[in-house]
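Engineer: Questions regarding the structure given below will be posed in turn.
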Amino acid sequence: MKIAIKNARVVDPRSRLDALRNLFLADGRIAAVTEVSVVPEGFADARQINASNLLVCPGLIDLCARLPDLENELAAAAAGGITTLACPPDTTPPLDEARLVERLRHRSEQSGLARMFPLGALTQGLVGEKLTEMVKLANAGCIAFSQASAPLPDTLVLWRALQYAATFGFSVWLRPKDARLAFEGAAHDGAVAARLGLPGIPVSAETVAIATVLQLARDTGARLHLTRISSAEGIALIRRAREEGQAITCDVGIHHLHLDESEIGYFDTNARFDPPLRSAADRAALSAAAAEGVLAICSDHTPVSDDGKHLPFAEALPGAVGLELLLPLVLRWAKQENIPLTTALARVTCDAAAILGLDAGHLSPGAAADLCIFDPQASWQAGAQTLRTQGKNTPFSGQTLRGRVQMTFINGQLVFSR
């Protein structure tokens, strides 16, 4: 099918295009991006979509989304303009066997919704003792290997895992957290935790882990991606490693660009995260690093049931939903920090694609027609009635957000329309 999307504000972060354009799709791919007065040959009878007052960008690419109800969460992703996502291995059961990966991929492909790339478990059962058969998992479709948020306290096991991964050119994604320093902590080790009497997680729980894994990656030559960085000191270590020539990528959860430890208020469990929300200075440092391109941005989508949140703060499960909030929160971040839209959207499109090793997240002719079409001025309220995800847990509940997806295309197929 041929489709002509006309009179749209087209934003392509990779080429830094931000202009009024027409976009033409054919056979699941982008055929052309033209001036609004131009229609390529062969598109006179194409399906017409008038995108006046709408913005078209590449489909968003989310580096971390947990999918407890696969089909439902993939539908929520489409509603959020997300066309590609990475699923961490802390599923039930963990993704430590090829048959589990194959089953998950088959269900995802059958849904016809967002492209889902699983991360394989680095160790069996994610318990941090025995390595998985990474080659078999990669053959089954795993794009990288991770412990998700599960600790890996044995440095020797980590070293061997990085050696194994380096031998085959696999990427290893690690959440830097020293399990002993973070043990039983529930909030950032700062003034708010002290006032509320909550056990704290010091920044050193992150920085000690970063320093360790950076050294091991140097020794083994493993490709390393650090996930959900939360502190200014952590960013400083990563900057230094990059200046010394170490190839390393990293990301931050979108919530950590907007919120700090003060959001806990009086034990608001919707503000409990892993890693925790840290100080205002940490949040500012993360925002600056993301603006510069040091960090990609992800939703860190983690649905939690009411039972998991309606507990004392230290006992509540960490995490918040983010699939449908990723776009409006990126737009809010761009506006608040005066960041060009091409720069902000790059963090959830072409930059994320590069981390996954995909030729995606751009609008070049010949690219897959994965598109997000949204109204940048539309206002809506986040809450149980407007979110499609299984969980409704978000610190932004009740807030008015700006920017709402109107259509999502994957391979030129309309998978969501409001």
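The values are calculated or read from the model by the stated rules, or taken from the named source; none is laboratory data. All figures in this text were calculated on a predicted structure; none of them were measured in a lab. Heads up, the Cβs are rebuilt from the backbone with ideal geometry, glycines too, and the neighbour counts pull from every protein chain shown. Note: accessible area is taken over every heavy atom of the protein model, side chains too, but ligands, DNA and RNA are not part of it. Shrake-Rupley method; radii C 1.70, N 1.55, O 1.52, S 1.80 Å.
Engineer: What distance in nm separates the two pseudo spin-label positions at V38 and R16, each 7 Å out from Cα along the beta-carbon direction?
Structural biologist: The answer from the label model is 2.1 nm.
Engineer: Specify which residue in the list A284, V208, L174 is farthest towards the positive end of the charge dipole of the chain, using unit charges on the beta carbon of Lys, Arg (+1) and Asp, Glu (-1), about the Cα centre.
Structural biologist: Value computed over the given set: A284.
Engineer: Follow-up question, since we're still on this one. Once fully extended, how much extra length lies between Q385 and N338, figured as 0.36 nm per residue of separation less the alpha-carbon to alpha-carbon distance?
Structural biologist: Gain on extension, Q385 to N338, equals 13.8 nm.
Engineer: If you add up the charges near G234, with Lys and Arg at +1 and Asp and Glu at -1, over every other residue whose beta carbon is less than 9 angstrom from its beta carbon, what do you get?
Structural biologist: -3
Engineer: Now, a different point. Where does each of 92-104, 278-290 land if you order them by average Cβ count within 10 Å, highest first?
Structural biologist: Output ranking for 92-104, 278-290: 278-290, 92-104.
Engineer: By accessible area of protein heavy atoms, probe 1.4 Å, what ranking do K335, K136 get, highest first?
Structural biologist: So, going from the largest accessible area down, we get K335, K136.
Engineer: Oh, and also: Restricting to the chain, compute how many DSSP beta bridges are antiparallel as a %, nearest 5.
Structural biologist: Of the beta bridges lying entirely in the chain, close to 50 percent run antiparallel.
Engineer: In addition: Report the calculated FRET efficiency for R402 and N50 (r = Cβ-Cβ distance, R0 = 22 Å), to the nearest 0.05.
Structural biologist: Result of the calculation: an efficiency of 0.50.
Engineer: Still on this structure: Considering only the other residues whose Cβ falls under 12 Å of the Cβ of T34, what net charge follows from Lys and Arg at +1 and Asp and Glu at -1?
Structural biologist: Result for the neighbourhood of T34: 0.
Engineer: If you don't mind, there's one more thing I want to ask. Roughly how many Å² is the accessible area per residue of the chain, as a whole number, for a 1.4 Å probe?
Structural biologist: Per-residue value: 40 Å².
Engineer: Within region 360-403, list the residues whose amide N lies under 17 Å from a label point set 7 Å along Cα→Cβ of S262.
Structural biologist: 396
Engineer: What value does the chain have for Rg/Rh, both radii from Cα atoms and Rh as Kirkwood defines it?
Structural biologist: Ratio value, two decimals: 0.97.
Engineer: Using a 7 Å offset from the Cα along the Cα-to-Cβ direction at both L414 and R160, what is the distance between the two label points in nm, to one decimal?
Structural biologist: So the label points at L414 and R160 sit 5.5 nm apart.
Engineer: While we're looking at this one, here's another question. List the lysines whose Cα sits under 16 Å from the Cα of K309, skipping any in the same chain fewer than 8 residues away.
Structural biologist: Candidates past the 8-residue exclusion: K392.
Engineer: Here's another thing I want to ask about it. Using helices alone, what [θ] at 222 nm do you get for the chain, with -39,500 (n - 2.57) per DSSP H run of 4 or more residues, divided over all residues and rounded to the nearest 500?
Structural biologist: -8500 deg cm²/dmol
Engineer: Taking just the alpha carbons, could you work out the radius of gyration and Dmax for region 219-359, both in angstroms?
Structural biologist: Computed over the Cα atoms of region 219-359, radius of gyration and Dmax are 15.6, 47 Å.
Engineer: Continuing with the same structure: Give the cross-link partners of K2 among the lysines, using a straight C-alpha distance below 20 Å as the criterion and excluding same-chain residues fewer than 8 apart.
Structural biologist: Correct list for K2: empty, as no lysines qualify.
Engineer: What does a probe at E102 reach in region 117-160, counting residues whose amide N is under 14 Å from the point 7 Å along Cα→Cβ?
Structural biologist: 136-142
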